[in-house]
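Step one of this worksheet: look at the structure below.
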Amino acid sequence: MDEDFDIPAVDSMNDDFDFAGAGDNPILKVGEEKEIGKQGLKKKLLKEGEGWDTPDVGDEVHVHYTGTLLDGTKFDSSRDRGTTFNFTLGQGQVIKGWDEGIKTMKKGENALFTIPPELAYGESGSPPTTPPNATLQFDVELLSWTSVKDICKDGGLFKKIVKEGEKWENPKDLDEVLVKYEARLDDGTLVAKSDGVEFTVKEGYFCPALPKAVKTMKKGEKVILTVKPQYGFDEKGKPAHGDEGAVPPNATLEITLELVSWKTVSEVTDDKKVIKKIVKEGEGYERPNDGAVVKLKLIGKLQDGTVFLKKGHGDDEAELFEFTTDEGQVIDGLDRAVMTMKKGEVALLTIAPEYAFGSSESRQELAVVPPNSTLYYEVELVSFIKDKESWDMTTGEKVEAAGKKKEEGNALFKTGKYAKASKRYEKAVKFIEYDTSYTDEQKKSAKALKIACNLNDAACKLKLKDYKQAEKLCTKVLEFESTNVKALYRRAQAYIQLADFDLAEFDIKKALEIDPNNRDVKLEYKTLKEKVKEINKKDAKFYGNMFSKMTKLDFLDINKSAPKDVEPMSIDSKA
């Protein structure tokens, strides 16, 4: 374009324009006055506040104020008393004009509010200081506020932060939290206290309010909870037990709660059969990749506590347990878990038999692992050297690495390890997918490798019953090479399993045009025809039964509705 269009400076914008919309929270300059809402409430800015935050409904606000009538008569002042005025915003504890006006203020802001009678004391006034139908003016300074959050958004559980926590993370359902708490009744009676109790968030502790609250907290955060009966002990209450006092039915509780720390627990596998609990956080953000060389301190135990493996717990560094990830050198569960760890991290792993030694017995260094054993590991990732990523390689190295991954995939495929083989083919393609600086010879090699790896990966996906992905991989190959018979054949197999019979037939016919004598394609065509025949037979039976039932129902309906002395209408055989 010939011209650049600049954003207008704020000062040049129309003064009547409010970013907040509808005048609910107008942007004001010092000395400027504007209406808030549509009921006559006006705000004049006397002093700018800090930042952008304003208090929310439910927050406990702390203000200084002076109240006057329009003629200047002062009727109230916290400044004169020398004490701040504190109230909960939006709970009807003050006149409506205050609730509406103060929620537009920033910390440290000073504003003059002109409040009409409808948003103040109305027709009755507030004798003896304010007459009926009085418009009032309040010079208000918002000193600070304490955030109070309605955790469940239903008025049943409020959280007031007493001490801010660290960082930004919150515990999740599987995590194990360590808390301190003190629970009291409305009258101050202590009913429960602990200087340190650990529980899993999902399982909860004491009452439903605790797990709900800790999920909103940061490490080191301290809060005061107002707990209504539905998140306490409802209409049943709770009898006294041990050191804990009784909680009457329908009692509101006040709980002081501190989140001391927590151990992060995560599911390494989607089927929840490899679980990792972090005992000590690691350093930085880097984690081992596929092919990384890792060094560990390691203790492996059975369910009864028997130690079957112990490495790296002596003074000799050579004793560390070392392996290359994603190479099948250790059990699958340990392999996967270590790739989620950071340097220096210490974790406890629980690994189900499917990701350990399965139904086989395994003789380990210190003991025999019986068949179908769940294993427990304490692991410290001492160090790791990542395998070279594609962006660190030259063009020639990428082609070479892709070829190596392809061969690894082929070896795994032959032994029936289709998921692992698929990962190798995917990695091979990633090495060579986006480089634009190939020589003609390298382009040729890269294209051949992409075709071979995608085809082999499609074969893996068919074995793994991931037919949609198999279809996509074959389509990729056909974009490179539209006459590739293997791609047409495997895509047809995927289409048959997805019940897209027309598309399957199209691919098979095209493959047979290219290679009329291909035995595998002919056999697949036979399979397709049998499938279609079987489906047609089922459909015919289904619709036949449905038609029979409908006819029967129609007959019953006719009988039901026809007069008793009239026969149901017979079929007219005439043309």
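At a glance:
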| quantity | calculated |
| --- | --- |
| Which listed pairs, of K159/K280; K486/K529; K472/K526; K159/K215, have C-alpha distances above 18 Å, in listed order | K159/K280; K486/K529; K472/K526 |
| Relative contact order for the chain, counting Cα pairs under 8 Å that sit 6 or more residues apart, in percent | 7 percent |
| Region 395-528: relative contact order as a whole-number percent, Cα under 8 Å and 6+ apart | 17 percent |
| Cα-only Debye scattering, region 387-460: base-10 log of I(q)/I(0) at q = 0.19 Å⁻¹ | -0.68 |
| Charge-dipole axis of region 395-528 as Lys and Arg at +1 and Asp and Glu at -1 on Cβ define it, positive-most pick from L464, T527, I508 | L464 |
| Accessible area of region 32-145 belonging to carbon and sulfur atoms, whole % at 1.4 Å probe | 46 percent |
| Over region 32-145, equivalent-ellipsoid semi-axes from the Cα gyration tensor in Å | 21, 15, 14 |
| Accessible-area composition of region 266-385, carbon plus sulfur, in percent [1.4 Å probe] | 44 percent |
| Inter-probe distance in nm under a simple model that places probes 7 Å from Cα toward Cβ, at D234 and E407 | 6.6 nm |
| Listed values (1) 1.50; (2) 1.15; (3) 0.99, entry calculated as Cα Rg over 2.2 N^0.38 Å | (1) |
| Gained length - R363 relative to D520, 0.36 nm times residue gap less alpha-carbon distance | 52.1 nm |
| Accessible surface of region 395-528, 1.4 Å probe, proportion on carbon and sulfur as whole % | 50 percent |
| Accessible surface, the chain, averaged per residue in Å² (probe 1.4 Å) | 59 Å² |
| Distance (nanometres) between label positions extended 7 Å along Cα→Cβ at K311 and D154 | 5.1 nm |
| Two-site label geometry, K38 and Y376: point separation in nm, points 7 Å out along Cα→Cβ | 6.6 nm |
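The values are calculated or read from the model by the stated rules, or taken from the named source; none is laboratory data. Just so it is clear, the model here is predicted, and its values are computed rather than measured. All Cβ positions, even for glycine, are placed from backbone atoms using ideal geometry, and neighbour counts span all protein chains on display. Just so you know, the surface numbers come from the protein's heavy atoms only, side chains and all, with ligands and any DNA or RNA stripped out. Shrake-Rupley method; radii C 1.70, N 1.55, O 1.52, S 1.80 Å.
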